[in-house]
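A.B. asks: The structure is given below, and queries will be raised subsequently.
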Amino acid sequence: APAPAPTPAPSPAPAPAQPAEVVKWVQVAQWSDPMHNMKWLYKRNEMLEAATNGRFIIESHPTGAIMHGKEAFDAVNEGTIDALNSTMHTWIGKIPSSPLFSARPLGFTATQMVAWLEHSGGLDYMYEVLEPFNFGYTGYTYVTTPEDLCWSNVRMDTLEAWKGVKFRTKGFWADVLADPRVGASVTTIAGAELYAAGEKGILDAWEYSNAATDIALGFYEICKYVYVPGIHQPATVNWEAVNDDSWAKLPDDLKVAYDAVNHAIAPLAYTDLVIEDAKAFKAFAAMPDLEIVTMPDKLQAQFFEVADDLYQKTCAADPFFAKVYQSQLDFLETWKLFEQYQSPKF
């Protein structure tokens, strides 16, 4: 009889799987905790951690928690932290053209801004202007609704009515309002001081944020009017930048996941804010001592003319600003062609 087959040697036990490396980033934001911007940064981080099976964790800190938000640009550039989230126009001293990518008065709405960034060269221009800095990734997390144009205790329904108005603002909008054709008395006051300044009559009017934020600050308690639409800031880009080295060390699949989640939250955050703003306007409309005033179309057109003159002067002195601004004007021609035929009126 044949000999029995030898018993095969037992297979060696498989080596235990190595735990996946977990990447942790530290981020500083320009925003404070109650703000809608922080709410959606936290949601982004939750989505990213879930999408990567816990391999990628971002700790986002509101301004003041580990440093002030205004320190974040240098901290990311120098590699002290991994990432920031803010508005580019906060850094206008470093990037003179930054309002074009962030919040240009008489500029893009949120939908227009995303379309220009994604489909008409806007992101390429952003990469170009940020090339001198140590950023491996830059983009947007979401683009917001318009701000309220202003809170006011005086009527300002004509260009002449703006003359001498004590108005708090900053940036390009301050330059527009200071133009002799407008003639407002412009001042810059910190947001935390606005309520007291308005209550004491130091200010006649001021702009700050969108309706959902402004209602929480109680401006309706001391103002007769809230003006809309926010032509001075039709949208605000929440901008994200990542340190070069942090980005280079990130595995490719996590890079893809990070960018995809940033794009995924943009429409979710925007539409959530639309609903929150609508709730605020409903509350404003029910307040007997507050009037919601829509700026007349003629006045909006006059402000566009003043703003465009300012931008054309800036273009003459700054070739990069000129090519980006022209790109935006060209884009608007295409966009308005669509709106001409596809803007329901029912």
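A.B. asks: Name the shape class, rounded, prolate or oblate, that the alpha-carbon gyration tensor gives for the range 215-346, where a ≥ b ≥ c are the square roots of its eigenvalues, rounded holds for a/c under 1.5, and otherwise prolate holds if a/b is larger than b/c and oblate otherwise. It would help to have the intermediate numbers written out before the result.
C.D. replies: Values: a/c = 1.90, a/b = 1.27, b/c = 1.49.
The shape class here is oblate.
A.B. asks: Given the convex hull of the Cα atoms of the range 107-246, what is a quarter of its surface area in nm²?
C.D. replies: Averaging across all directions leaves 10.1 nm² for the Cα convex hull.
A.B. asks: Still on this model: Could you work out the local net charge near GLU59, counting Lys and Arg as +1, Asp and Glu as -1, over the other residues with Cβ closer than 13 Å to its Cβ? The partial results should precede the final answer.
C.D. replies: Details: positive: LYS24, ARG44; negative: GLU46, GLU49, ASP82.
Every neighbour counted, the sum reads -1.
A.B. asks: Separate question: Which of HIS89, HIS263 has the fewest other C-beta atoms within 10 Å, and how do the rest follow up to the most?
C.D. replies: Fewest to most other Cβ atoms nearby, the residues stand as HIS263, HIS89.
A.B. asks: Please list, in order along the range 87-100, the HN-Hα scalar couplings obtained from phi with the Karplus expression 6.51 cos²θ - 1.76 cosθ + 1.60 (θ = phi - 60°), rounded to whole Hz, x for Gly and Pro.
C.D. replies: These are the phi-based 3J(HN,Hα) values: 10, 4, 6, 4, 9, 4, x, 8, 10, x, 8, 4, x, 5 Hz.
A.B. asks: Give, rounded to the nearest 20 debye, the magnitude of the charge dipole that the chain has about its Cα centre when Lys and Arg contribute +1 at Cβ and Asp and Glu contribute -1 at Cβ.
C.D. replies: Once rounded to the nearest 20, the dipole reads 380 debye.
A.B. asks: Could I ask something else about it? With Cα extents along the principal axes in Å in mind, check (1) 124, 73, 44; (2) 115, 47, 45; (3) 76, 50, 37 and report the label derived from this structure.
C.D. replies: (2)
A.B. asks: Would you order SER98, SER246, SER185 from fewest to most other beta-carbon atoms within 10 Å of each residue's own beta-carbon? Write out the running numbers ahead of the final one.
C.D. replies: Working: SER98 24, SER246 20, SER185 14.
Going from sparsest to densest Cβ surroundings: SER185, SER246, SER98.
A.B. asks: Just check the range 50-111 against the gyration tensor rule for me: Cα atoms, a ≥ b ≥ c as the square roots of the eigenvalues, rounded for a/c under 1.5, and otherwise prolate or oblate depending on whether a/b exceeds b/c.
C.D. replies: Oblate, because a/c is 1.5 or more while a/b does not exceed b/c.
A.B. asks: Write down the percent of antiparallel bridges among all DSSP beta bridges whose residues are both part of the chain, to the nearest 5.
C.D. replies: Values: 16 of 34 bridges.
Percentage antiparallel, nearest 5: 45.
A.B. asks: Taking the Cα centre of the range 60-141 as origin and charging only Cβ (+1 Lys, Arg; -1 Asp, Glu), how large is the dipole, in debye to the nearest 20? If you can, show how the numbers build up before the last one.
C.D. replies: On the way: 3 positive and 8 negative charges, 63 e Å.
Using Cβ point charges on Lys, Arg, Asp and Glu, the range 60-141 gives about 300 debye.
A.B. asks: Still on this structure, I have one more. Ranked highest first by the average count of other Cβ atoms within 10 Å around their residues, in what order do 104-111, 90-97 fall?
C.D. replies: Highest mean packing first, the order is 104-111, 90-97.
A.B. asks: Oh, and also: Using helices alone, I'd like the mean residue ellipticity at 222 nm for the chain: each DSSP H run of four-plus residues gives -39500 (n - 2.57), total over residue count, nearest 500.
C.D. replies: My calculation for the chain gives -13500 deg cm²/dmol from helical runs alone.
A.B. asks: Okay, next question. Obtain the nm distance between the two label points defined at ALA50 and ASP124 by a simple spin-label model: each point lies 7 Å from its Cα along the Cα-to-C-beta direction.
C.D. replies: Spacing of the two 7 Å Cα→Cβ label points: 3.6 nm.
A.B. asks: Under the definition of Cα pairs under 8 Å and six or more residues apart, what whole-number percent is the relative contact order of the chain? Display every interim value, and only then the final one.
C.D. replies: Working: 532 pairs, mean separation 75.9, N = 346.
Once normalised by length, the contact order is 22 percent.
A.B. asks: Of HIS36, HIS119, how do they rank once you tally other Cβ atoms within 10 Å and put the fewest first?
C.D. replies: Values: HIS36 21, HIS119 11.
Ascending Cβ contact count within 10 Å gives the list HIS119, HIS36.
A.B. asks: Please work out the ratio of the alpha-carbon Rg of the range 207-266 to 2.2 N^0.38 Å and round it to two decimals.
C.D. replies: Compared with the compact-globule rule of thumb, the range 207-266 sits at 1.80.
No value in this document is a laboratory result; all are computed from the given coordinates. No experiment lies behind these values; they were computed from the predicted model shown. Don't worry about glycine lacking a Cβ; one is built from the backbone with ideal geometry, like all the others, and counts go over all protein chains shown.
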